[in-house]
Amino acid sequence: MMSDKPYRICKITAMGAACYLVYNPTEAILVDTARKGSGKKIMARLHQVGLEPSALKLIVITHSHYDHAGSAREIKSLTGAPVAVHRKDANELRKGYGPLPGGTRWKARIIVALGRAFLKRLGRIPPFEPDIIVDDQLDLDRFGFKGKIIHMPGHTDGSVVVYLEGGDVISGDTLFGLQNKEIFPPFADDTRSLLESWGKLLDMPVDYFYPGHGRKISKAELAEEYPSAKLKYGK
């Protein structure tokens, strides 16, 4: 049974990252695909909500990191759904490699340094050619949903979010929802751009954000952290 919104959101956690199935009784879009090898779990969830593979109309990659784009080629092959990504992250999908972002806090900086030094294969995904290149925005009407893909740089140059007119945003790694942690991501390529993106999110008619890691976040929570984040990361 559907809610009063014209869609439902199904969170799929696979190998430490979340992807989201947005669906109605006949159509769906998938936001992110988790790591390589997550396709079976994602396809099973599509079946569980009562939809066939052909009902998947679009795959959105919020950014090109391995834990968000790793199964994109597999799911594209299984469903025939086109893959949309921002222009600035498209080459990483073509190359099959998205470099690790910088750390915004000291622990994250250590993790990034170790990863870059010792885990050379981390960040690799099965390469493929994306079908739809996003610039500033892309309307979702033609895929069966009222909403937009919107460019929100900071975590990567080509990071995007998916805004749904029911008051929800699927936010990738623009926000983190880890318990008892800051909402500000521990990893980002450009903290100033990320703070500007936060300001844009707060100006939108949104109730909740669904991040790539952790629990959903209310707009009130984001508004509460925003001033301190600007002081800490806006330099």
Using DSSP to define loop residues, name the trypsin sites (Lys or Arg not before Pro) in region 133-213 whose beta-carbon has at most 16 other beta-carbon atoms within 10 Å.
-> 146, 181
Eligible lysines near residue 230 by straight Cα distance, threshold 17 Å, same-chain separation 8 or greater | 181, 200, 219
Mean separation of Cα contacts under 8 Å (6+ apart) over length of the chain, as relative contact order % = 16 percent
Percent breakdown of C-alpha pair distances by 10 Å bin, ordered from the shortest bin, for region 132-186 = 24, 46, 25, 5
What are the trypsin sites (Lys or Arg not before Pro) within region 1-65 that DSSP puts in a loop, where the Cβ has at most 12 other Cβ atoms within 10 Å?
-> none
Tail fraction, Cα-Cα pairs, region 1-74, threshold 15 Å, whole percent | 48 percent
Straight-line reach check, residue 95, cutoff 12 Å on alpha carbons, 8 or more apart in-chain or any other chain, hits among aspartates and glutamates -> 129
Surrounding charge for residue 173, neighbours by C-beta under 10 angstrom, Lys/Arg +1, Asp/Glu -1, total -2
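Please work out the average accessible area per residue across the chain, using the 1.4 Å probe convention, and give it in Å².
On the way: 10980 Å² over 235 residues.
I get 47 Å² per residue for this part.
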Expressed as a whole-number percentage, the relative contact order of region 1-104 with C-alpha contacts under 8 angstrom and at least six residues apart is 23 percent
Determine the percent antiparallel among the DSSP beta bridges restricted to the chain, to the nearest 5.
-> 65 percent
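The values are calculated or read from the model by the stated rules, or taken from the named source; none is laboratory data. Remember, predicted model here, so these are calculated numbers, not experimental data. Here the Cβ is made from the backbone with ideal geometry for all residues, glycine too, and neighbour counts use every protein chain on show. Calculation scope for accessible area: heavy atoms of the full protein, side chains included, ligands and nucleic acids excluded. Shrake-Rupley method; radii C 1.70, N 1.55, O 1.52, S 1.80 Å.
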